[in-house]
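Let me begin by presenting the structure, written as structure tokens, before commenting on it.
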Amino acid sequence: MLRDKFNKSLRFRFLSIIFGILIVGTLVTSLAIAINEGITLRNSLKSEGRRLASYIALLSQEPLIMKDAIHLDAIVNEANTDEDVDYVFIYDAQGKPLTSPYASINYRLPEINAVLLQSSGNQKSQDIIRRIKATEPIVEVLAPITMGPNMIESKQIGTVIMGLNEHRMRREISKILLYVIIFNLGGAIVLGLVLFIASTNIVFDPITELAQASSRLAKGDLSTKVDISTMGEVKTLVNSFNEMVDNLEKVTVSRDYVDNILKSMINTLIVVSADNKIMSTNAATCKLLGYKEEELLGQPIGMITDSKDSNREIWMTDLLANDNVGNIEEFYRTKDGREVAVLLSASVMRDENQLLRGIIYVAQDITKRKQAENSLKESEERLHYLASQLMDAQERERKRIAQELHDDLGQSLLSLKLHLDLIARTLPPDLEKSREDCLHCLDYLIEIIENVRCLSYNLTPAVLDIGLKAAVVDLLDEFSEQRGIECTVDFDEIEGLLSSDQKINLYRIIQESLTNISKYSRATRVIVSLKNTGHQVDLSVEDNGEGFEVPEILARRGREKGLGLSSMAERSRIMGGTFNISSRPQSGTKIQVTVPLPGNRASAMIA
């Protein structure tokens with residue numbers, strides 16, 4: 001069980017190692033202290049023994065000289081009263097013991113008595129000492145007994161041999177060792193607890209929480225967070241884990257979640273392998289094409305994308321080069337053979353070595369949109385047709401009114417002029433006042449006739465009669481005379497290149513441009529240019545007036561926008577050409593119209 005905890009729990013393993021290290025350290029430290037203290041006590045015991053032996057040697061000088069054995073026994077017997085002394089022998093210069101064993105050996109000590117009881121009664125002192133040394137821890141010290149006036153000339157006459165037992169020293173060492181072990185163990189336990197508590201708060205609790213959070217994360221709980229205070233590298237680890245969870249929560253979803261997203265997609269989704277086989281589809285694809293999912297899986301993508309109107313080869317090249325394409329109008333073939341218009345986007349899947357692993361196709365059914373576009377296109381075509389018919393009817397009506405003005409009203413006014421002239425000439429001299437009134441009316445009638453003529457000319461310009469260039473020159477001359485604006489004409493020879501309707505439309509565009517210039521531009525100069533480029537005729541009307549913001553004007557609707565620009569654009573479209581207007585405030589305005597020559601008809605557009 002302990003082994004399982006040691007293997008599974010980092011906290012238990014750390015605590016075991018810490019306490020093991022502390023206990024071993026405590027024992028080693030205690031042993032070192034005990035050895036050091038033992039050496040100190042042994043040295044102290046030897047030092048005390050030498051002092052005592054030297055004192056005995058000093059006391060033994062005279063008795064030794066006198067060979068007074070009784071006195072010497074008394075001296076050593078007195079020394080044996082110390083519990084640290086096991087024996088004290090005094091020897092003469094020849095090494096013969098002068099004290100008796102009974103006086104020299106400390107019988108007061110139980111240990112010595114036990115040794116002596118095991119010995120025979122007639123043993124010599126050397127045998128007794130040898131036996132005591134064999135059974136008891138003895139520290140033996142020697143002190144010479146000298147005789148002489150000083151240390152240099154002194155003569156050794158004997159020796160004091162003292163045996164000191166180590167029992168008290170060992171008891172002191174054991175007591176010190178016990179105190180040291182208890183103290184160190186207590187310190188080790190306190191230190192271990194402090195380390196354990198500190199490491200638990202700083203390391204193990206965060207690590208335990210991280211382990212539990214990792215387990216929850218592995219089970220799919222992406223909301224897992226570690227909320228615990230710590231410091232150092234563990235804090236960095238906690239912060240990194242929380243950041244990783246945040247990132248995983250943002251970018252990682254479960255398979256069921258992804259499946260639900262794919263199933264709920266309105267657009268079709270098809271995943272194709274590198275060999276163009278369908279690997280996966282969603283419900284929208286099956287619903288649109290009429291297949292079941294198992295009928296599509298493993299089939300070539302061409303089964304639903306091949307179409308006579310397809311541009312697959314073109315956009316596939318772009319797809320493989322750029323890894324994605326978008327908003328491509330394509331067709332999917334359904335199970336019953338119908339072709340469905342879709343708006344397609346595709347992305348390439350590659351591995352870490354940039355090798356092609358597959359393609360993802362996302363498409364939106366645009367059948368209704370295409371139907372709406374076709375309906376709108378048909379409506380626009382009808383509208384343009386009606387506009388062209390309206391302009392034709394307008395030109396015809398203008399021509400009819402101009403004809404009536406010229407033939408009926410013009411002739412009537414001319415007849416009236418002739419009658420007034422005749423009346424003025426035939427009045428008698430006494431009616432001079434009446435004749436002057438008649439002449440005044442005649443002048444007014446001539447002015448009316450001229451206005452009718454101008455009105456008739458403006459309604460149906462003599463473009464077909466005198467040519468487009470001459471008609472434009474007359475128009476500009478009249479415009480310059482009335483408005484005081486300098487006009488310049490730059491025309492290429494185009495007679496015979498344009499139809500009568502095109503000439504009239506170009507004339508009306510120039511006429512409408514001059515009307516706008518006179519109303520809004522405050523220009524002082526106008527340049528009208530008509531150039532033949534070989535495949536089209538380019539008309540430009542440019543002034544140096546105040547100008548305006550083109551997008552703002554074109555964005556207006558209805559009456560705010562006015563009919564001038566719309567009329568010019570529509571006439572350009574009817575001719576199969578293009579219409580462009582460029583202007584900026586204080587920079588003048590330039591209108592450009594292109595009319596394709598036969599064989600180069602283009603689509604009309606407004607830039």
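The values are calculated or read from the model by the stated rules, or taken from the named source; none is laboratory data. All values derive from a computational prediction rather than experimental measurement. Cβ sites come from the backbone with ideal geometry, for glycine too, and all protein chains shown count toward neighbours.
Give the number of residues within segment 487-501 that are assigned to a strand (DSSP E or B), of a type outside the set (F, W, Y) and touching a helix residue (DSSP H, G or I) at 6+ places or on another chain (Cβ under 8 Å).
Here the count works out to 2.
Can you report the number of residues in segment 284-305 which are closer than 20 Å to A341 by Cβ and either within 38 Å of the chain's Cα centre (by Cα) or surrounded by 14 or more Cβ atoms within 10 Å (Cβ to Cβ) (or both)?
13
Can you tell which of S499, S572, S518, S583 is at negative phi, among the polar types (S, T, N, Q) and touching a residue at least 60 places away in the same chain (Cβ under 8 Å)?
S572
Per-residue answers, yes or no, for (1) surrounded by fewer than 18 Cβ atoms within 10 Å (Cβ to Cβ); (2) touching a residue at least 12 places away in the same chain (Cβ under 8 Å); (3) in a strand (DSSP E or B):
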{"site": "L52", "(1), (2), (3)": "no, yes, no"}
{"site": "K67", "(1), (2), (3)": "yes, yes, no"}
{"site": "V76", "(1), (2), (3)": "no, yes, no"}
{"site": "V88", "(1), (2), (3)": "no, yes, yes"}
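Specify the residue that is modelled with the lowest pLDDT; the eligible residues are those in segment 254-310 that are part of a helix (DSSP H, G or I) and either of a type in the set (D, E) or touching a His at 6+ places or on another chain (Cβ under 7 Å) (or both).
Result: D256.
Answer yes or no: is there a residue in segment 470-486 that is assigned to a strand (DSSP E or B) and either out of contact with any Leu (no Cβ under 6 Å at 6 or more places or on another chain) or closer than 13 Å to V595 by Cβ (or both). I'd like the intermediate steps shown before the answer.
First pass over segment 470-486, keeping only residues assigned to a strand (DSSP E or B): 486.
If we keep only those that are either out of contact with any Leu (no Cβ under 6 Å at 6 or more places or on another chain) or closer than 13 Å to V595 by Cβ (or both) too, we end up with 486.
Yes, the conditions are met somewhere in segment 470-486.
Considering only segment 315-337, state which residues are free of Cβ contacts under 8 Å to residues at least 40 places away in the same chain and out of contact with any strand residue (DSSP E or B) (no Cβ under 9 Å at 6 or more places or on another chain).
Those that are free of Cβ contacts under 8 Å to residues at least 40 places away in the same chain and out of contact with any strand residue (DSSP E or B) (no Cβ under 9 Å at 6 or more places or on another chain): T317, A321, G337.
Take the residues in segment 518-556 that are among the charged types (D, E, K, R) and assigned to a loop (DSSP other than H, G, I, E, B); name whichever of them is farthest from E486 (Cα to Cα).
R556
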